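Only the coordinates and a few stated rules stand behind these numbers; no lab work does. As the structure is a prediction and not an experimental result, all values here were calculated from the model. Glycine also receives a Cβ, built like all others from the backbone with ideal geometry; neighbour counts cover every protein chain displayed.
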Amino acid sequence: MIFDTHAHYDDQAFDEDREELLAQMEPSGIGGIVNVGASLRGIKASQELAEKYPFIYAAVGVHPDEVGALDEERLMWMYELCRRPKTVAVGEIGLDYYWDKEARGLQKQWFIRQLEMAKETGLAVNVHSREAAQDTFDIIKEHHAGTTGGIIHCFSSSAELAMEYIKLGYYIGVGGVVTFKNARVLKEVVEKIPLERIVVETDCPYLAPAPNRGKRNSSLYLPLVIGQIAQLKGITVQEAEAATCENALRVYNRIRQ
Ligand SMILES: [Zn+2]
């Protein structure tokens, strides 16, 4: 079974055919999907999808671009949602210095508050980091390491940094980018880190793998990502699929409870 650790099926890109598309998942071997919140609206929509589909789980979190919308009351609402049985992670949370939509101080403050929410509610985290590698690592090390663990989503740094995260108990999220011709560094990351620490993700509707690059992405394309991981690791596709699924269930451990 294939497990998609990071998707956005609430995105408007799926408005026209969401039901038909999601009906194809289980027959195609996609046995689990975590729909990740990014905005307050996305958090709500993720809960609704998780209520409707047995194989969809929800993550609760606000993306660094959206943290200006947060306040104490909304944080309390998120805490409540974290205690629901189908919520399996806090995310996506982190830092984005590429878009820099919110002041960096504010991004850091809400990243830390949401890491604390994950600890207090016993949930793994799903971390977004763009052009902010060092600050993201430093905050995780200081505020979250050795607690509930999580996934560094759409990992885009060096193999050395990946190993540092793994030492702290984290998993590395690998998606469509690994199939791109110019993804030399990410391919090297996959080669060097232990298979036991790799999970797959779509981040759909974005980042469709080759040869569908630029198209709308969905979990149905994950075999392309798993095929690339298998090739880089010198293992069979079945082995790569089984390992990445097992890893996902280990990090999102509430699914088995
Ligand atoms: Zn995402």
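Can you tell me which lysines have their Cα less than 22 Å from the Cα of Lys187? Leave out same-chain residues fewer than eight positions away.
Straight-line reach from Lys187, under 22 Å: Lys167, Lys215, Lys233.
For the residue pair Gln134 and Ser39, what label-to-label distance in nm results when each label sits 7 Å from Cα along the Cα-to-beta-carbon direction?
Here the modelled spin labels are 3.3 nm apart.
Looking at the chain, what % of its DSSP beta bridges pair antiparallel, to the nearest 5? Could you put the intermediate results ahead of the total?
Numbers: 0 of 26 bridges.
Within the chain, antiparallel bridges account for around 0 percent of the total.
Please rank Trp110, Trp99, fewest neighbouring Cβ atoms within 10 Å first, as an exposure proxy. Don't jump to the answer; show the numbers that get you there.
Details: Trp110 24, Trp99 11.
With the fewest neighbours first, Trp110, Trp99 line up as Trp99, Trp110.
For region 32-39, take each phi angle, set θ = phi - 60°, evaluate the Karplus expression 6.51 cos²θ - 1.76 cosθ + 1.60, and give the result in whole Hz per residue in order, putting x for glycine and proline.
Using θ = phi - 60°, the values come out as x, 9, 9, 8, 9, x, 9, 10 Hz.
Using the beta-carbon distance between Leu168 and Asp17 and R0 = 41 Å, what value does 1/(1 + (r/R0)^6) give for FRET efficiency, to the nearest 0.05?
The calculated FRET efficiency here is 0.55.
For region 201-257, would you read off the P(r) tail past 19 Å as a percentage of all alpha carbon pairs?
Distances greater than 19 Å cover 39 percent of the Cα pairs.
What are the ³J(HN,Hα) couplings of region 236-251, residue after residue, when phi is run through the Karplus curve with 6.51, -1.76, 1.60 and θ = phi - 60°? Round to Hz, x for glycine and proline.
7, 4, 4, 5, 5, 5, 5, 5, 5, 5, 4, 4, 4, 6, 6, 6
Hey, can you grab everything whose amide H is under 5 Å from the amide H of Gly94? Only 5+ residues off in sequence or another chain; H modelled, so Pro and N-termini drop out.
His128
If I model a spin label as a point 7 Å beyond the Cα along the Cα-Cβ vector, how far apart are those points for Arg213 and Thr236 in nm?
Each label point lies 7 Å from its Cα, and together they span 3.1 nm.
Express in whole angstrom the spacing between the alpha-carbon centres of region 96-114 and region 139-179.
18
Compute the Rg/Rh shape ratio of region 143-220: radius of gyration over Kirkwood radius, all on alpha-carbon atoms.
So for region 143-220, dividing Rg by the Kirkwood Rh gives 1.00.
Give me the Debye-computed log₁₀ of I(q)/I(0) at q = 0.20, 0.23 Å⁻¹ for region 51-162, equal point scatterers on Cα only, no solvent, two decimals.
Summing over Cα pairs of region 51-162 leads to -1.05, -1.32.
Which of the aspartates and glutamates could a cross-linker span from Lys52 if the Cα-Cα distance has to be under 13 Å and same-chain partners fewer than 8 positions apart are dropped?
Within reach: Asp10, Glu19.
When Tyr171, Tyr79, Tyr165 are ordered from fewest to most other Cβ atoms inside 10 Å of their Cβ, what list results?
Tyr79, Tyr165, Tyr171
For Lys181, list the aspartates and glutamates whose Cα falls under 17 Å from its own Cα; do not include residues on the same chain fewer than 8 positions away.
Partners found: Glu191.
For the chain, what is the Kirkwood hydrodynamic radius in Å, using each pair of distinct C-alpha atoms?
Numbers: mean 1/r = 0.0559 Å⁻¹.
About 17.9 Å for the chain.
Rg (Å, one decimal) plus Dmax (Å, integer) for the alpha carbons of region 164-207?
11.0, 31
With +1 on each Lys and Arg Cβ and -1 on each Asp and Glu Cβ, how big is the dipole of the chain about its Cα centre, in debye rounded to the nearest 20? All intermediate terms of the calculation are to be shown ahead of the outcome.
Numbers: 28 positive and 37 negative charges, 109 e Å.
For the chain, the charge dipole is close to 520 debye.
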